[in-house]
Amino acid sequence: MYLQKDQALELAGGGARVFGRALDRQPDIAPKTAPSRIDWVPDLGARIGSRDWWRGLATCTALCAATVMLAPGFKPLIGTVPAPLAGAEWEETRAQGIAPLAQGATTGRRMAVNDLVAPLANAPERPTLELSATLGQGDAFDRALMRAGVGRNDAEAAAALVAQSVDPKAIPAGTRIALTLGRRPDRTVARPLEQLDFRARFDLALSLTRGARGLTVNRKPIAVDSTPLRIQGLVGSSLYRSARAAGVPGKAVESFIKAISTRLSIGRDVTSADSFDVIVERERAATGETRMGELLFAGIDQGRRKVQLVRFAPDAANVDTDDVEGVR
């Protein structure tokens, strides 16, 4: 909004005279050799031999000389050297160290024999021994115990007790058996079996303990969750690598590809945009172990077409995969 009474003085020209202002100093009045305009650090690579160049060289030389004069001296630090050990001090120090391996790696002191030393007829044995045995392929249970140091009678008794709970031939190879052997009266007899622990089956653990009436067996059932594992994902650049990266076991991936190849060509019909669907047997024990089983379901979703195969096993000898709709 503009008012009629505005004077608009800010729009006036420069004709007014300014009072109280000093005249500007002319450039020619200032001295031409003012110290503030001297270049003390010129470029030594330009105008070599000129007055400015010699001034810069003198400045550089003065700075280098001042740096050298102010630099600290590099002199060795004089310290005290401890006196070499001798006598009893050297013996005490040597006893606390370990000699080189070439000299026997000895440590400590060698005590002289005196009247307090008495010879021992036999070295004392440990009251108990904790051992471990591994059941081999096609190995007998009692034979594995005897190789670990268990007496024949105890090994046969333990095998008989185990046979009451589980078939010894059904115990998988590689099963580790924890043994505890007790004190024996003399060295001529085997140590008695005090305790035995092992995993007889995936869902069963057995423990044998010696009591007043001999060995007794204790069954320890283990809860097992048999929920199958289902994994889905995209085929991508490789069906095998994508399934393995998603967490499908290698054996299940091989069965999956073998089953799908009966309906589709993996290299020609299956594309990177297709998705796979795998269901595998899985057992999870309460103790934390996981055991994977056979392939139960194999599927490929191509959008317009779906291939879904299930595992069909009327008996252990006849195992095959069929379509979900029942079409072979």
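Worth a mention:
- Residue within region 232-244 that is assigned to a strand (DSSP E or B) and hydrophobic (A, V, I, L, M, F, W, C) present: yes
- Residue list for region 53-73, restricted to those being part of a helix (DSSP H, G or I) and more than 15 Å from residue 39 (Cα to Cα): 61, 62, 63, 64, 65, 66, 67, 68, 69, 70
- In region 170-187, the condition of being loosely packed, with under 11 Cβ neighbours inside 10 Å, closer than 17 Å to residue 217 by Cα and modelled with pLDDT of 90 or more is met by no residue.
- Selection from region 103-143 of residues that are assigned to a loop (DSSP other than H, G, I, E, B) and in contact (Cβ under 8 Å) with a residue 24 or more places away in the chain: 122, 125, 127, 128, 135, 136, 137, 138, 139, 140
- Flag if residue 226 is polar (S, T, N, Q) and either within 18 Å of residue 284 (Cβ to Cβ) or touching a His at 6+ places or on another chain (Cβ under 8 Å) (or both): yes
- Residue ID - modelled with the highest pLDDT, chosen from residues in region 188-229 that are of a type in the set (Gly, Ala, Ser) and over 15 Å from residue 289 (Cα atoms): 207
- Residues that are farther than 21 Å from residue 135 by Cβ and surrounded by 12 or more Cβ atoms within 10 Å (Cβ to Cβ), drawn from region 188-209: 192
- Any chance residue 46 is of a type in the set (A, V, I, L, M), modelled with pLDDT of 85 or more and under 60 Å from the mean Cα position of the chain (by Cα): no
- Just one of the numbered conditions (1) in contact with a Phe, Trp or Tyr (Cβ under 6 Å, 6 or more places away or on another chain); (2) closer than 14 Å to residue 232 by Cα; (3) modelled with pLDDT under 90; (4) not aromatic (Phe, Trp, Tyr) is not true of residue 322: (2).
Residue-wise test of (1) loosely packed, with under 13 Cβ neighbours inside 10 Å; (2) over 16 Å from residue 197 (Cβ atoms); (3) touching a Cys at 6+ places or on another chain (Cβ under 8 Å).
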residue: 105; (1), (2), (3): yes, yes, no
residue: 111; (1), (2), (3): yes, yes, no
residue: 140; (1), (2), (3): no, yes, no
residue: 150; (1), (2), (3): no, no, no
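- Residue within region 248-261 that is more than 18 Å from residue 307 (Cβ to Cβ), modelled with pLDDT of 90 or more and assigned to a strand (DSSP E or B) present: no
- Looking at region 144-225, the strands (runs of 3 or more DSSP E) lying wholly inside it that each contain 2 or more residues that are without any contact (Cβ under 8 Å) to a residue 40 or more places away in the chain and touching a strand residue (DSSP E or B) at 6+ places or on another chain (Cβ under 7 Å) sit at 193-201, 204-211, 214-221.
- Here residue 120 meets the list (1) under 30 Å from residue 189 (Cβ atoms); (2) assigned by TED's automatic domain parsing to the domain that holds residue 206; (3) out of contact with any Pro (no Cβ under 6 Å at 6 or more places or on another chain) almost entirely, failing just condition (2).
The values are calculated or read from the model by the stated rules, or taken from the named source; none is laboratory data. Since the model is a prediction, treat every value here as computed from it, not as a measurement. Cβ coordinates were reconstructed from backbone atoms using ideal geometry, including for glycine residues, and neighbour counts include every protein chain displayed.
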